Every structure is written in C-alpha cells, then in structure tokens.
1. Accessible area per residue of region 124-243 at 1.4 Å probe, in Å²?
2. So what is log10(I(q)/I(0)) for the chain at q = 0.13, 0.16 1/Å, when the Debye sum runs over its Cα atoms only?
3. Provide ARG55, ARG298, ARG269 ordered by accessible surface of protein heavy atoms (probe 1.4 Å), highest first.
4. How do LYS290, LYS9, LYS113 rank by accessible surface area computed with a 1.4 Å probe, from largest to smallest?
5. Work out the P(r) tail for region 1-80: percent of alpha carbon pairs separated by more than 15 Å, whole number.
6. What does the convex hull of the alpha-carbon atoms of region 187-247 project to on average, in nm²?
7. Let me test this: with uniform point scatterers at the alpha carbons of region 210-304, what is the Debye-based log₁₀ I(q)/I(0) at q = 0.15, 0.19, 0.20, 0.24 1/Å?
8. About the Cα centre of region 88-195, how large is the charge dipole given +1 on each Lys and Arg Cβ and -1 on each Asp and Glu Cβ? Please answer in debye to the nearest 20.
Amino acid sequence: MTINDVDIKHLQVFVAVADTLNFSHAARACGMAQSTVSLLIQQLETNLGVRLIDRTTRRVVLSTLGEEFLPGARRILAEFDRQIADMRAWQTIERGQVRIACLPSVAIRLIPKVISRFRARHPKISIRVHEEPRGRCMDLVRKGEVDLAIANEPPDLSDLVSKPLMSDSFALVMRRDHRLAARDRVTWREAGQAGVVMMAARTGIRLEMEHGLPAGIFADRTAYEAESPATLLSMVREGIGLAPLPALAWPEENDPALTVRPLVAPVVRRALHIAWRDGKSPAPAVDAFKEQLYDAARNQSHPV
C-alpha cells in the first residue's frame, strides 16, 4: 500500500473506533459490518507502518501513536465536512459571491434594483460591482476577474458568450425650469443649439451617439465633457448645459430639479449585452443573478 491508498473512509472508521473503543459500536456508527471496520483499520495501520489501536479480547485502546494521530485525523474529517457543506451551500445559493463589471450608466439604476431584489431571496450572497468602460468590462470577464459583464459589445467576443440584455433610447436631461422643458420632444440639432454637456469621447455612451447621429451635429458646441453620467447630471443641475443620456442614466421621475425629453430626428438607441466566459460553468449564485438581471431588464421602463 501507499499513502494514496488512505481515504476518508479509513479516517472515519479510525475516529469512530477511537470514540467508542469498541469495534462493534464503531461498525454501527459507520453503517458497516464489523469485519469491514477491522479490515479498514488493518489497511490503515499497514499503510502507515504503525500500530494505532491496541486490542485484546477484553479491551480496545489507542496506542501512543494512535493518540498522536487522532487530532490530525479529526481535523482532516472536519475540513472535509466543511468543504462538502460549502459546496452544498453554493449549490443551494446559501453562500457565494457574484462579481459584475458594468458600464457606469448601468450601475446608476439597474444594478442597485437587481441587487435589492436578489438580496431579498439570497441574503448570504455577496455582490461586488466594478464600474468600467465597455472594453475593460469585457477584459475583466475574459480574465476571470468577474463573473458577468454588462456593456455594449466590443468587436471581439470570440472567447465569451454574449446575450442581448436590453436596449434603451437617448433623451435630453434638463432642468425643469429650462425653456425646452415645455416641449414634448427635442431634436438633436435643437439640443446642440441649446448647449450640451457630453460624455467623454472614449466612453460607450459617446460612441453610441456618434454611431447613431449625422457627423458633425455637435461640432464646436460641446464645451464640457465628463467620464461619468452622474457627473453630467450634476452639471445639468448647476445649469451648465443639457445632457443627452440613455434611459438607464436618466434621473428619477420624481427628481425635483431635473426632467427628460425624448430626442428625435433621429431616435438613437443603444443595445446592452450580458457576457460571461465561454466554456466555464457559472456558479449557481451567478446563474440566479443573471436571471434576476433578465427579469429587471424585461420590466425596465422609462416613461417621459
């Protein structure tokens, strides 16, 4: 025999004999025949090259080496039991972690709502959110640093699975006291003439706008840019300009200072996707969170 021949069953039987000091009682505790218990103890002692149990016709006691071996055997069994319990907890979504990378605009409203609903069902699962540009979102999921990415897609998704999540349209965010708030809708050209604050050139929101609009529509009309939709909203509150933003980044309907009006001529929409690593089975908690995301996306509405 070699050390590879020792398995959990050998340790379980040894600890049962040590606890009961009786082979018959140990056999009942382990659900085995007494002869099987005797054989397993013999195999363990042969493999280790030491006597662990001294037995006579009258009594069973641990040898000196058996007493030395017992605490370590107990630790191994306790750790094994803990690992099995952990796996069952993960499987039943009682424990675990979900790591998400998403665009800042997605993190403003959609993700907090999903986390709130998910927590009500699975309070022991921890959630970590990374707000990143779209390319960085996909890089993080590709490297295994996050479980899910939510973004408008980059060109290369060959090693990822990507599914449509939702789409949202652009509207113009403005102060409630702005003259354009009296309108039902605003054209992009009118927005540019009124003065806009924009997402920075390399952001996903800006790219979606540029893809959907005629070239040069905002030429020389943008004096202020920001990397975050939250910063743009603050600029609008201060009266610095108006902000064209997709629906997930709009202020709440009951915001006392800000309102939105649909942008037309043309209507511009962006498509959001959810992505994960190809060929890697997600943990049950990740699958459950993904389903909650789909639910929230289906129910997402932004009346204006």
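The values are calculated or read from the model by the stated rules, or taken from the named source; none is laboratory data. Keep in mind that what you see is a predicted model, and the values were worked out from it rather than measured. Note: ideal-geometry Cβ built from the backbone for every residue, glycine included; neighbour counts use all protein chains shown. Just so you know, the surface numbers come from the protein's heavy atoms only, side chains and all, with ligands and any DNA or RNA stripped out. Shrake-Rupley method; radii C 1.70, N 1.55, O 1.52, S 1.80 Å.
1. Values: 6030 Å² over 120 residues.
Each residue of region 124-243 exposes 50 Å² on average to a 1.4 Å probe.
2. With no solvent term, the Cα-only Debye profile gives -0.91, -1.17.
3. Details: ARG55 90, ARG298 160, ARG269 130 Å².
These residues rank, largest area first, as ARG298, ARG269, ARG55.
4. Values: LYS290 15, LYS9 105, LYS113 80 Å².
The most accessible residue leads, giving LYS9, LYS113, LYS290.
5. Values: 1659 of 3160 pairs.
Summing the P(r) of region 1-80 above 15 Å gives 52 percent of all pairs.
6. Details: hull surface 15.7 nm².
Mean projected area of the Cα convex hull: 3.9 nm².
7. -0.83, -1.09, -1.14, -1.38
8. Details: 21 positive and 13 negative charges, 117 e Å.
The calculated dipole for region 88-195 is roughly 560 debye.
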